[in-house]
Amino acid sequence: MLGGMTDPECLFCKIVSGAIPAEIVLQNDTVLAFRDLAPQAPTHVLVIPRSHYPNAAALAAGEPATAAHLFDAAAEVAGAEGLHDNYRLVLNTGPDAHQTVFHAHMHLLGGRTMGWPPG
């Protein structure tokens, strides 16, 4: 984990630490990817930084290289899931954008045709 930043009350920090189990599909020194418990598509994986930032903008400002690693990890998971070039990446920032866990995270969605506009 970069910077040692964690929040002991954060659900995703607890998943990173192993205190809460998750179906992990990819992990490395900077990011962790696991299946969403309430999937919105046949493939719905959350890709998170190991360090705690409340949203994607804060992550990009604090650890821009880690923010870029989220995209690399998402592409790797998409390939492993057989999605190839047909998937959606979503970053929600703030409650009005439907962010419910305030730890930066990316949704990887695929396995079906996505509609537009998304919400």
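The values are calculated or read from the model by the stated rules, or taken from the named source; none is laboratory data. Quick caveat: nothing in here was measured; it's all calculated off a predicted structure. Here the Cβ is made from the backbone with ideal geometry for all residues, glycine too, and neighbour counts use every protein chain on show.
Some notes on this structure:
- Of note, Ala65 does not satisfy the criterion of being at pLDDT 95 or above and part of a loop (DSSP other than H, G, I, E, B).
- Restricting segment 88-98 to residues that are in contact (Cβ under 8 Å) with a residue 12 or more places away in the chain and outside any loop (DSSP other than H, G, I, E, B), the residue that is farthest from the chain's Cα centre (by Cα): Arg88
- Pro64 on the phi < 0 side of the Ramachandran plot and either of a type in the set (Gly, Ala, Ser) or surrounded by fewer than 16 Cβ atoms within 10 Å (Cβ to Cβ) (or both): yes
- In the set Val47, Val101, only one residue is touching a residue at least 40 places away in the same chain (Cβ under 8 Å), not hydroxyl-bearing (Ser, Thr, Tyr) and not in a loop (DSSP other than H, G, I, E, B); that residue is Val47.
- Failed condition for Asp29, given (1) in contact with a Ser or Thr (Cβ under 7 Å, 6 or more places away or on another chain); (2) surrounded by fewer than 13 Cβ atoms within 10 Å (Cβ to Cβ); (3) acidic (Asp, Glu): (1)
- Checking Pro21, Pro54, Pro49, Pro39 one by one, the residue that is surrounded by fewer than 16 Cβ atoms within 10 Å (Cβ to Cβ), within 25 Å of Pro118 (Cα to Cα) and not aromatic (Phe, Trp, Tyr) is Pro39 and no other.
- Identity of the residue in segment 73-119, over 28 Å from Met5 (Cα atoms) and polar (S, T, N, Q), that ends up surrounded by the most Cβ atoms within 10 Å (Cβ to Cβ): Asn86
- Test: residue in segment 35-44 that is touching a helix residue (DSSP H, G or I) at 6+ places or on another chain (Cβ under 9 Å) and of a type in the set (S, T, N, Q): yes
- Among the residues making up segment 3-18, those that are buried (at least 16 other Cβ atoms within 10 Å of the Cβ) and in a helix (DSSP H, G or I) are Phe12, Cys13, Lys14, Ile15, Val16.
- For segment 19-43, the set of residues classified as assigned to a strand (DSSP E or B), hydrophobic (A, V, I, L, M, F, W, C) and in contact (Cβ under 8 Å) with a residue 24 or more places away in the chain consists of Val25, Leu26, Val31, Ala33, listed by residue number.
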